[in-house]
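Asker: Sharing a structure, written as structure tokens. Questions coming.
A short reminder: the numbers here are calculations on the coordinates, not readings from a lab. If you're wondering where the values come from, they're calculated on a predicted model, not measured in any experiment. Cβ atoms come from the backbone with ideal geometry, glycine included; neighbour counts cover every protein chain shown.
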Amino acid sequence: MNETMVTVVGNAASAVEARATASGHPVARLRLATTVRRYDEQRGGWTDAYTSFYTVWAFRGLAENLAASVTVGEPLVVQGRLRVQQGERDGKRWTSAEIEATAVGHDLARGTSSFRRVVRAVTVGEPAAGP
């Protein structure tokens, strides 16, 4: 497999949009903002440089948990497969960076969180969720 796996730390820049696919499986989407901070010797302190935005996609159980757990502005750690796409629309070039999440959690370096295990019923023909 030649997938690019990444871990990105940032803040939820949009509300989680949750829906179901045509086959009935949950899917969720949110925008993640991550800002580079640099030390400015002239000012004698840290300053923000630039912000990158990623569209984060989650599926099935992760999508349900994401929708139930995350609100705008919360600090997150997202791990998943990076997909960068480029194209042209109306004569303008665009680039999109998306992450298909395999794990999402609150950044506990910046706050506390409370974990609650979710027990889901297993549907016939669908594998059970992990441990």
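Asker: Over the chain, with a Gaussian network built from C-alpha contacts below 10 Å, which listed residue (Glu64, Glu41, Glu100) shows the highest mean-square fluctuation?
Answerer: Highest fluctuation of the listed residues: Glu41.
Asker: Over the chain, what relative contact order in percent results from Cα pairs under 8 Å that are six or more residues apart?
Answerer: Relative contact order for the chain comes out at 25 percent.
Asker: So, in nm, how far is label Arg19 from label Arg81 when the simple model puts each one 7 Å beyond its Cα toward the Cβ?
Answerer: Each label point lies 7 Å from its Cα, and together they span 2.1 nm.
Asker: At R0 = 35 Å, how high is the FRET efficiency between Ala103 and Asp40 if r is their beta carbon distance? Nearest 0.05 is fine.
Answerer: 0.55
Asker: Same structure again: With θ set to phi - 60° and the Karplus curve 6.51 cos²θ - 1.76 cosθ + 1.60, what are the ³J(HN,Hα) couplings of the stretch 39-50 in order, to the nearest whole Hz, using x for Gly and Pro?
Answerer: 7, 9, 5, 5, 8, x, x, 7, 9, 6, 9, 9
Asker: Whole-Hz Karplus ³J(HN,Hα) for the stretch 101-112, in order, using 6.51 cos²θ - 1.76 cosθ + 1.60 and θ = phi - 60°, x for Gly and Pro?
Answerer: Using θ = phi - 60°, the values come out as 5, 9, 7, 9, x, 6, 7, 6, 6, 10, x, 10 Hz.
Asker: Under a point spin-label approximation (7 Å from Cα along Cα-to-Cβ), what is the Asp48-Ser113 distance to one decimal in nm?
Answerer: Modelled inter-label distance: 2.2 nm.
Asker: Another question about this same structure. Antiparallel as a % of all DSSP beta bridges within the stretch 9-98, to the nearest 5?
Answerer: Of all bridge pairs located within the stretch 9-98, approximately 95 percent are antiparallel.
Asker: What net charge is computed for the residues neighbouring Ala49, neighbours being all others with C-beta under 10 Å from the C-beta of Ala49, Lys and Arg scored +1, Asp and Glu -1?
Answerer: Once all neighbours under 10 Å are counted, the net charge is 0.
Asker: Residue by residue through the stretch 62-72, which ³J(HN,Hα) values in whole Hz follow from phi under the Karplus form 6.51 cos²θ - 1.76 cosθ + 1.60 (θ = phi - 60°), with glycine and proline marked x?
Answerer: Result, ordered by residue: 4, 5, 4, 5, 4, 4, 7, 10, 10, 10, 4 Hz.
Asker: Which number do you get for Rg(Cα) / (2.2 N^0.38 Å) in the chain?
Answerer: 1.24
Asker: Report, in cubic angstrom per residue, the convex hull volume of the C-alpha atoms of the stretch 22-77. If you can, show how the numbers build up before the last one.
Answerer: Details: hull volume 4.5 nm³, N = 56.
Residue-normalised Cα hull volume stands at 80 Å³.
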